[in-house]
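Here's the structure, in structure tokens; my notes come after.
The values are calculated or read from the model by the stated rules, or taken from the named source; none is laboratory data. Keep in mind that what you see is a predicted model, and the values were worked out from it rather than measured. Cβ: placed from backbone, ideal geometry, glycine included. Neighbour counts: every protein chain shown. The protein model used for the area step is the full one, side chains on, heavy atoms only, and it has no ligands, DNA or RNA in it. Shrake-Rupley method; radii C 1.70, N 1.55, O 1.52, S 1.80 Å.
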Amino acid sequence: MPPGRASATLVVMLSSDSPRITRTGPTQMHLAEVLVGRPRRIASRLRHHGTASMPTADRAPYRELVRRDLAEYASRIDLDGLVRRHGSPLLVLDTDRVTTQLLALRHELPDVGIHFATGALPHPAAISAIDAFGASFSVASRCEIDLLERAGVSISRCLHNHPMTSIADITGAYLRGIRTFVVDSESEVAKFRGLPEVAVLVRLAFPTRGERSPSFGVRPEDAPALVAHCLHVGLRVAGFTFDVGSQTVSAAPWQRAIRRTLALIRDLEERHAIRFEMLDLGGGLPVDYDEPVPTLAELARSIREELAVAPRHLQIVIEPGRFVVAPAATLVTRVVGTADRPDGRWHYLDEGVHGAFSSLGTEGAHPLVFAASELTAQPATDGPADRATRRRRARGHVPVTLAGPTCDSADVIARRVALPPLDDGDLLVSPMMGAYTAATSCNGLAPTPFVVIPG
Ligand SMILES: Cc1ncc(COP(=O)(O)O)c(C=O)c1O
């Protein structure tokens, strides 16, 4: 294990009165895990910056708003104490925040079934919170099914959403209870031969962000032939699915995809005298990283409007990943080395793009980074004195490059980030680090430990 990594594989729950060990041994992600009891319930659960609504007049800059939320949160969960006990780097996973996001989804899309995209955060604590909420899961790999099974999730309620899977994986998923799979080509259809009760969703491709050829999905104009082929070989087609792309910040792609898919459904139901059962809207709901994105309420309103003409017999489901878990984890990293290069000062951290920053910059995900020292002194209002303090403080900030711990020139987290002067040993904190962080890390480094705050 590389130096600087917390090494425990012990799950401990600290209630507000006394610590107690609840479980030992490595987890699915072999993370050091510590459950930390919440001393008191969060009164303002919907206030963390993923869902905050603030008056626009006199608004502080976005980074400042996030800093205030984070400062308040860090003191509430005693982030300093957690780092003292568990070291750095550390992902602090707050399962209450998972539940908060699910509540918001259920509120905004009340008639839409939720299948959490397990790959966004395949962590037992997140899975248990989602299961306890009553949502289901979509899976794309054998490991994900293993994890869900260990967490006691009812596998038969899950969807298998990967349209390109080996026969072994399909059979394994089938034997463990999955009955709904996704196909996007004739070659996949043959893999379901001999598996009774299977139904498939046909994955449609709606190219996004200038993509010439999306990795997955059949073009809507080619879908009728694929549906006809399924029916010809006796494979039941439950309906359709699509994915508009992760971190989609406008409702338009969903609106277009829903409209086109509903037209296809009407046409094929009439042509084949059948009834489809399901329309799966995929993932893609965005969260606020370095800038605010449209709120869930705004996006959901447009989605609901488009769905208003869907046939009543269609069950509508959604497969959110990022939206559900990104706000639930906060990353703490430490400066391990500093150098002055021709382009300015570089700080090397104990976490980088081969760890929790693995999906950095892809899909519009640019997490903010704060020096821990910024989370202490904090003007809470926007009076003239506070604005002056903020300006004074900002003048002390210097642009630096943040790099990860590996000897890899690509291991650069951010360039020209304005931060207060940092020394080796200083801590940095990033919110919104729950989705595609530890889950997608690699390169031989030990996985980033989590600390879990149970709901
Ligand atoms: C088919 C499918 N559904 C859902 C998701 C989850 O997407 P997001 O995390 O953007 O909500 C993905 C992500 O890759 C996906 O491929």
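What whole-number value in Å² describes the accessible area per residue of the stretch 176-326 for a 1.4 Å probe? All intermediate terms of the calculation are to be shown ahead of the outcome.
Working: 6630 Å² over 151 residues.
Normalised by residue count, the accessible surface of the stretch 176-326 is 44 Å².
Pop the C-beta distance of V398 and A228 into the FRET formula with R0 = 51 Å and round what comes out to the nearest 0.05.
Values: r = 63 Å, r/R0 = 1.24.
For R0 = 51 Å, the calculated efficiency reads 0.20.
Probe radius 1.4 Å, ligands and nucleic acids ignored: give me the carbon and sulfur share of the accessible area of the stretch 97-325 as a rounded percent. Numbers along the way, then the final one.
Values: 4770 of 9440 Å².
The nonpolar share, carbon plus sulfur, comes to 51 percent.
Round to the nearest 0.05 the FRET efficiency obtained for T338 and D290 when R0 = 30 Å and r is the Cβ-Cβ distance.
Values: r = 24 Å, r/R0 = 0.78.
Approximately 0.80, to the nearest 0.05.
Taking the stretch 189-287, which GluC sites (Glu not before Pro) meet the DSSP loop condition and have no more than 15 other C-beta atoms within 10 Å? Please list the in-between numbers first.
Working: sites: E197, E211, E221, E269, E270, E277; in loops: E197, E211, E277.
Answer in residue order: E197, E211, E277.
How large, in Å, is the stretch 97-325 by the Kirkwood hydrodynamic radius built from its alpha-carbon pairs?
Working: mean 1/r = 0.0561 Å⁻¹.
Mean inverse Cα-Cα distance, inverted, gives 17.8 Å.
May I ask you to compute the full-extension gain from S373 to L175, defined as 0.36 nm times their residue separation minus their alpha-carbon distance, rounded to one decimal in nm?
That pair, S373 and L175, stretches by 66.0 nm at full extension.
In nm, what is the difference between 0.36 nm times the number of residues separating R150 and R236 and their Cα-Cα distance? Before the final figure, lay out the partial values.
On the way: separation 86, 0.36 × 86 = 30.96 nm, distance 2.98 nm.
The span from R150 to R236 would gain 28.0 nm if fully extended.
Which residues in the stretch 102-137 have a backbone N closer than 16 Å to a point placed 7 Å from the Cα of A308 along the Cα-to-Cβ line?
Within reach of a label on A308, which here means backbone N under 16 Å from a point 7 Å along Cα→Cβ, the stretch 102-137 contributes 109-111.
What is the spin-label model distance, in nm, from C143 to R219 if the labels are put 7 Å beyond Cα along the C-beta direction?
3.5 nm
Calculate, for R256 and D423, the FRET efficiency according to 1/(1 + (r/R0)^6) with r their C-beta to C-beta distance and R0 30 Å; round to the nearest 0.05. It would help to have the intermediate numbers written out before the result.
On the way: r = 51 Å, r/R0 = 1.70.
Once the sixth-power term is evaluated, E becomes 0.05.
Put a dot 7 Å past each Cα toward the Cβ at R84 and A190; how far apart are the dots in nm?
6.4 nm
At 25 °C and 0.890 mPa s, what whole-number value in µm²/s does Stokes-Einstein give for the translational diffusion of the stretch 239-350, with Rh from the Kirkwood sum over Cα pairs?
Reported coefficient: 145 µm²/s.
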